[in-house]
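For reference, the structure discussed in these notes is given below.
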Amino acid sequence: MNEAPPNYQRFFAELNRRRVFRVMAVYGIVGFVLLQIVDLVVPALLLPEWTYRLVALILLLGFPVAVVLAWALELTPEGVRRTAEAAPGELTEIIASQASKRWPAGVLALVGVTALLAGAWYVGRQSVPASGVDPAAGPVSESIAVLPFVNMSSDPDQEYFSDGISEELLNLLGKIPELRVVARTSSFSLKGQNLEIREIAGRLHVAHILEGSVRKEGNQVRITAQLIDARSDTHLWSKAWDRSLDNIFAIQEEIAAEVVAELKVTLLGAAPTAQETDPAAYALFLQARQVGRQFTAGGFEQSNALYQLALQADSEYAAAWAGLANNYGFQAALALLPLDEGYGLAREAANRALAIDPEYAPAHATLGLIAMVYDGDLAAAARRYERALALGPTDADILFGAALLAQSLGRLDEAVVLQEYAVARDPVNSSGHAGLGFFYLTAGRWDEAIASYRTALRLSPGSIGTQHFIGVALLLKGEPEAALAAMQQESSAPFRLVGLALAYHALGQAAESDSALAGLIEEYEQEAAYNVAYVLAFRGEADRAYEWLDKAVQYNDPGLSGITVQVEFANVYDDPRWLPFLESIGKSPAQLAAIEFEVKVP
């Protein structure tokens, strides 16, 4: 007599007979596909971030329901009915069948379950900011976002003034270290979306919202402001001010004081004060700053003219000098002005700002950036950024510059920590996530770099360089086909040509790589000498790489500031010319280690 098979074998045979394994496989794979579709559709349709988690939760909860239904019911030509009991001996026959006929269903079920769980994990991870701040943890009580105040003036062109007032309030509150204030880019990114207060607070991870309106008629201004507890959606206070423009700075200080009092923030130092100036100069300053953010040649020229008009009204206006310095620096970096002229003007304007206000943090940061990317003096840059961070420890732009300096010094972990903090304070800033991706990339954290860059793309689909750097990370992961696909989607022509030259080489397509490199040299020789050098190094052409490094030095290419962490140079690290070249530009390991740069996250 044959011995009866064990119960566990009979159970798995019954699962196979009732097609439960097949349902598990199909459900898991279909669920995985749906989650990938959600990952694409949510940002495109501007749906809230919690949509990711909701869909994943529904699919996970539906899985056991599908398994139970598969066990209990079967589909027949007559319709759905309860699953019939096994015929005598049927389970024994299934158990006795060859293993090659029994294992595929179980393996497919395992694959399906794994795919569903992997998809849920990936989508859930996408819904958490790259900085590691988990919205589920809840915002701290002393946190606030200042939304753009509504322009109630009869002239719609006065919107620059209402936006500017909002930003100045944000900057004033940002000087309070005991208060977590979301940076401007994130707060202003939600402008015009008509979102509920709780939705806004959830996206920005804050407990409070400050909103209001501005009506400006001639020299008179009416400002209303209201503070809202987003957790309960209740108004803590609201107030209106009817004053002349001469009192605009006093109004800002009053609003800041009200916020501090309502949030019961205990200040460790003196309350921040607004920088006062001539009202006409102030209005011109706000307009100049707004126009400059167009990041176009015409926008910078118009912004510079407005800053100059503001300085004619008040030549001692430090913020206007610093804004002018910022513009000149961007014009030089974007090849809208010759490097020497642009950075020279930027240096002069920043020094004028500091002569007026030695503690104006943005001006110190501008001089630090010039020292880093134009002068090649990392020690001077370190002194400037230490001072800037001491004066403006939560300024996202200053934090990014300091992180870039830490990276240039080879202190990659410090760079990542600084930028993670900046992203936590500015969670929907595309450039912040792209910057974090860049630091992850140089630290060898490829997957985290790709995730950060993809977050940047969701926030700003056309952001320059993002697809290129995703491609670089994929190349370094050993996925050249995927890297090429990313490079081909890059919106910036020079970044696209650099990326294609790298990816085609990795794929063994020498002619295509040569063509892309020739196009880069023909169109952007002076602007991209450094990039040409590392493409040649990546392709193993050391002699030509050093020729182009010499050209980069000749052209004073800003890219040289990050040469020690440029991963594409790895093929020439052992070349006897590498260390002497780094020494010649002040960036050998010993030279960098000697530079003191001490910064801490607030």
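The values are calculated or read from the model by the stated rules, or taken from the named source; none is laboratory data. The structure displayed is predicted, hence computed values, not measured ones. All Cβ positions, even for glycine, are placed from backbone atoms using ideal geometry, and neighbour counts span all protein chains on display. With ligands, DNA and RNA removed, areas are computed over all heavy atoms of the protein, side chains included. Shrake-Rupley method; radii C 1.70, N 1.55, O 1.52, S 1.80 Å.
In table form, for the structure just shown:
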quantity: FRET efficiency estimate (nearest 0.05) - Cβ-Cβ, Asn351 to Leu54, R0 60 angstrom; calculated: 0.65
quantity: Surrounding net charge for Ile464, when Lys and Arg each add one and Asp and Glu each subtract one, Cβ distance under 11 Å; calculated: 0
quantity: Heavy-atom surface of the stretch 505-583, accessible at 1.4 Å and reported per residue (Å²); calculated: 46
quantity: Among 159-172, 374-387, 223-236, 426-439, the order from most to least packed when residues are scored by Cβ within 10 Å on average; calculated: 426-439, 159-172, 374-387, 223-236
quantity: Net length gained if the chain between Arg222 and Met152 were fully extended (0.36 nm per residue, minus Cα distance); calculated: 24.3 nm
quantity: Per-peptide average of other Cβ atoms within 10 Å, ordering 574-585, 325-336, 537-548 highest first; calculated: 325-336, 537-548, 574-585
quantity: Accessible heavy-atom area order of Glu523, Glu178, Glu512, highest first, probe of 1.4 Å; calculated: Glu523, Glu512, Glu178
quantity: Accessible area per residue in Å² at 1.4 Å probe, computed on the stretch 368-429; calculated: 32
quantity: Alpha-carbon centroids, the stretch 141-170 and the stretch 555-579: separation in whole Å; calculated: 45
quantity: Gyration tensor (alpha-carbon) shape descriptor, the stretch 366-429, a/c threshold 1.5; calculated: prolate
quantity: Probe 1.4 Å, all protein chains present, accessible-area order of Tyr524, Tyr440, largest first; calculated: Tyr524, Tyr440
quantity: Glu522/Val26 FRET efficiency (R0 60 Å; Cβ-Cβ; nearest 0.05); calculated: 0.65
quantity: Set Lys551/Lys587; Lys477/Lys600; Lys175/Lys600 screened for pairs whose C-alpha atoms are more than 23 Å apart; calculated: Lys477/Lys600
quantity: Estimated inter-spin distance, Ala240 and Ala380, nm [label 7 Å along Cα→Cβ]; calculated: 5.4
quantity: Rough spin-label spacing in nm, given labels placed 7 Å along Cα→Cβ, for Ala305 and Lys191; calculated: 2.2
quantity: Within-9-Å neighbourhood charge of Val182 [Cβ basis; K, R +1; D, E -1]; calculated: +2
quantity: Residue-level accessible surface for Asp278, protein heavy atoms, 1.4 Å, Å²; calculated: 60
